[in-house]
Structures are given as C-alpha cells and as structure tokens.
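Working notes, beginning with the structure itself.
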Amino acid sequence: MPQATTVAVLVSPGTPDTEAERRDIQAAAQAVGQQLVILDVESDRDIEAAFATLVQRGAGALLVGSGAFTNSHRERIVALAAHRAVPAIYGVREFAAVGGLMSYAPSITDAYRQVGIYAGRILKGEKSADLPVMQPIKFEFVINLRTVKALGLAVPDKLLALADEVIE
C-alpha cells in the first residue's frame, strides 16, 4: 500500500520480543515518513477497539505484530481486517492461510530443521553452550489472492513472482 501515509500496528505489549519489534517498526516508519498508530491488544475487547481506532485514525494499512496473543486470535483479527477492508500484513504464515492478505515471516519448517540439527549435535557430544545462537535465515512471503480480490487490490506481477507461495 504505497499510498498509505498512516499505518496501524497491532501488538501485544509486555514481552521483550514485542518491545523490540515496536522499536524496529517505529524506526522504519520514521525513515520513510509514515505515521504510525500503535495499538496494544491484550483481550478480545482490545482487538475490537483497535480496529475501530485504526479506521477512525485513517490507517491505510495494518501490520499485525508477532506473538502468542495475536497468533492465537488470528481468525478474529483476519475477519476484522476483512470486515473493515483494511489491507494487512502478518508476521506469521498461518494468518495468510486463514484468509489474511499476506505474510512475511521466518520459515517455521526451516526453524524446526535447525532444531533437529542442534539436537543431533548435542546427542553426538557437543555442549549446548558451545553452539552458536542462530537467527532465522529463510523467510517466506505468502500472498492470499482471494483476499487480494476481495479487497479490490491489484498486485504487481513482480510482487507475485517474488512470493514463496500464492494462495489461490
């Protein structure tokens, strides 16, 4: 949504991961001159209120932060984004799988593979304290074309070509 001047961000506060995510998002928005509306959600009522607020504040797009709370409420969040016709991107692939517009996230499959490799190394005698900390190296970009059509959006062919998966 290149024309969006205001972007809403839905986050569950209070964890180190979400606080770091919040700082990164604020820095990125400032770098490109976009306004942010950061909405903290900790309950079903907060989710409903957050969507009312983002519409009232004129947000042209939504970024849903990662975390256990938002992930466990993904169906409700995706349904509200569809109901309010708000284009949204998510930090977990499962959101796109249940009807979210798109996701860009570390590959869970790749992460599980890395865990298996580490477990194998430990079982062969290596000390876990000697193993390096690993960051995700494979990210997956998923686009849900049904949602693209429902929102009346046009996705450039170049963007579709970059997607790791296109849900039809």
task = Those residues that are of a type in the set (Lys, Arg) and within 26 Å of Gln135 (Cβ to Cβ), I need them from region 8-61; list them, please.
result = Arg22, Arg23
query = Hey, any hits in region 141-148 for a residue that's farther than 21 Å from Val78 by Cα and either touching a residue at least 12 places away in the same chain (Cβ under 8 Å) or of a type outside the set (Val, Ile, Thr) (or both)?
reply = no
request  = Considering every residue within region 16-33, establish whether at least one is closer than 21 Å to Ala154 by Cα and not small (Gly, Ala, Ser).
outcome  = no
message = Can you tell me which of (1) within 16 Å of the chain's Cα centre (by Cα); (2) free of Cβ contacts under 8 Å to residues at least 24 places away in the same chain; (3) over 22 Å from Val166 (Cα atoms); (4) surrounded by fewer than 17 Cβ atoms within 10 Å (Cβ to Cβ) is the one Ala79 doesn't meet?
response = (3)
message = For region 26-47, check the following and say yes or no: at least one residue is within 18 Å of Thr147 (Cβ to Cβ) and under 16 Å from the mean Cα position of the chain (by Cα).
response = no
ask   = Being at positive phi, under 10 Å from the mean Cα position of the chain (by Cα) and buried (at least 17 other Cβ atoms within 10 Å of the Cβ), is that true of even one residue in region 4-13?
value = no
message = Give me the residue from region 90-132 that is of a type in the set (S, T, N, Q) and at pLDDT below 90 and, out of that set, surrounded by the fewest Cβ atoms within 10 Å (Cβ to Cβ).
response = Thr109
Hits in region 58-70 (condition: more than 13 Å from the chain's Cα centre (by Cα) and either loosely packed, with under 13 Cβ neighbours inside 10 Å or β-branched (Val, Ile, Thr) (or both)) = Gly58
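The values are calculated or read from the model by the stated rules, or taken from the named source; none is laboratory data. Computed from a prediction, not measured in an experiment: that's the story for all the values here. Neighbour counts are summed over all protein chains in view; Cβ atoms, including those assigned to glycine, are modelled from backbone coordinates with ideal geometry.
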